[in-house]
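*Asks:* Once you've had a glance at the structure underneath, I'll fire off some questions.
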């Protein structure tokens, strides 16, 4: 699934947006691929025991992590291939900020330490190394008082045995086109690019490529749990992090203490990942309409049109002008679409994108250049994130191998959902020509009483992970509770501006209390229009995840 800037770009965006088993346990369910009795399961048990014995030596973080001294870093060793745990080993980087022991509402009294809270921000391809810094934000201080905040870079990401499919210098291609109804010649060009990209992944990564998938991410998480000295895991996953978190819950239910699933991927194995991406493109059309309706309500500020249809005409006018003459030679229709796709993830971006579009049409291209032009300094990180995204999703499940199927399905969908459909298809098309073996998606689910109660958070109009996924995950995990932010569409709602959502998050992580089977929260306030852009939200984010 394609995810947002929060989950794959700089740690500053993360901060501004946030928004071994006990002896008597029997993790996993018999009959599961990779479950008890399999070589992979035996390898994961052995790796976890080794990690528990070794622990993690935390010390000063590497310079390239760009983390403050309050955050300490270390590594945990995992097998590249769990079926051969004595074979090649890789190291995953880990970051931690120790619990403050303080309750911000009552600073004089120490609070009980509840162990480590491990976080994954999604992707695939995103690093959680910046997560421990979240504890300085007011909405997170109570949780930071009770928990060590632990982030990590999953296999393939950052310095954790990084993957690459092409020279990062070639990653940012621009200016590019973004036709919503592409010609046959354009399609042939993109098919050729997808085939070349898949070949590049095989050439640059070799046989190791096959071992970067969600089941191994779940196994790695259990090894990390053991290395942290935790008998049971407290985990929070966002977006894609909810998917391999759900795999973890299925494979290792007795190793779970508490789990938060924020913006849940639909875990139905029939949707992983081809169908889920089509559903995502359909949902983005609705969120794109929400944004245009908001811009139309503020026509007095932006002058882009008093109806959503008029705003669309303004956008299309800008795209046509950029196709004829890219702004600064770098921003074409493809870069415009990429920038406005972010508005589908986070309504924080709405005022800034609207201002940039308005300014461009009035003769000032600079705000649009600031927000949409490729940030070449981030090319290495962006290329790496895109590689891991592609490797994990392509490895996780079978994909259609016939271009005729892709063409049929996306042509049909683009008639009603043109905004993201083809852009999403091009991003995933290398999976049609993928050189590595595919996994069989796990049928996520636990029996009654197998898993401690878990918390699911979802925004009703989330486009990146449509709301049906949260309902499906709740159905598959008996005893789970779903908190819904009605009428809202921000992707990732934990620790954000909604006090109702945060109260349920705090209650669960601090006391284990859930709101029954479900609870509803009113939407957070819509953004206020701004006449000019906030520079802190400019720059192109990596598209991986």
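The values are calculated or read from the model by the stated rules, or taken from the named source; none is laboratory data. Predicted model only: the values in this text are computed from it and were never measured. Backbone-built Cβ (ideal geometry, glycine too); neighbour counts: all protein chains shown.
*Asks:* It is to be established whether one or more residues within the stretch 76-91 are in a loop (DSSP other than H, G, I, E, B), at pLDDT 95 or above, at positive phi and in contact with a strand residue (DSSP E or B) (Cβ under 7 Å, 6 or more places away or on another chain).
*Replies:* no
*Asks:* Within the stretch 55-71, is there a residue that is within 22 Å of residue 256 (Cα to Cα) and at pLDDT 95 or above?
*Replies:* So the first thing to find is which residues in the stretch 55-71 are within 22 Å of residue 256 (Cα to Cα), and the list is 55-56.
Checking which are at pLDDT 95 or above leaves us with 55-56.
Within the stretch 55-71, one or more residues are within 22 Å of residue 256 (Cα to Cα) and at pLDDT 95 or above.
*Asks:* Take the conditions at pLDDT 95 or above and within 17 Å of residue 302 (Cα to Cα) and apply them to residue 357. Does it pass? Show your work before the answer.
*Replies:* Working: at pLDDT 95 or above: yes; within 17 Å of residue 302 (Cα to Cα): yes.
Taking the combined requirement at face value, the residue satisfies it.
*Asks:* Moving on to the next point. Residues being in a loop (DSSP other than H, G, I, E, B) and at pLDDT below 95: count how many of those fall in the stretch 375-413.
*Replies:* First, the residues of the stretch 375-413 that are in a loop (DSSP other than H, G, I, E, B): 375, 397-402.
With at pLDDT below 95 added as a condition, the list becomes 375.
Qualifying residue count for the region: 1.
*Asks:* Is it true that some residue in the stretch 140-163 is modelled with pLDDT of 95 or more, farther than 30 Å from residue 105 by Cα and part of a helix (DSSP H, G or I)? Give the steps one after another, and end with the answer.
*Replies:* Taking the stretch 140-163 and keeping what is modelled with pLDDT of 95 or more, we get 140-163.
Checking the rest, the ones that are also farther than 30 Å from residue 105 by Cα come to 153-163.
Filter again for part of a helix (DSSP H, G or I), leaving none.
No, because not a single residue in the stretch 140-163 is modelled with pLDDT of 95 or more, farther than 30 Å from residue 105 by Cα and part of a helix (DSSP H, G or I).
*Asks:* From the list 199, 210, which residue is farther than 30 Å from residue 322 by Cα, at pLDDT 95 or above and surrounded by fewer than 18 Cβ atoms within 10 Å (Cβ to Cβ)? Before the answer, list the steps.
*Replies:* On the way: 210 fails: surrounded by fewer than 18 Cβ atoms within 10 Å (Cβ to Cβ).
Of the residues listed, the single one that is farther than 30 Å from residue 322 by Cα, at pLDDT 95 or above and surrounded by fewer than 18 Cβ atoms within 10 Å (Cβ to Cβ) is 199.
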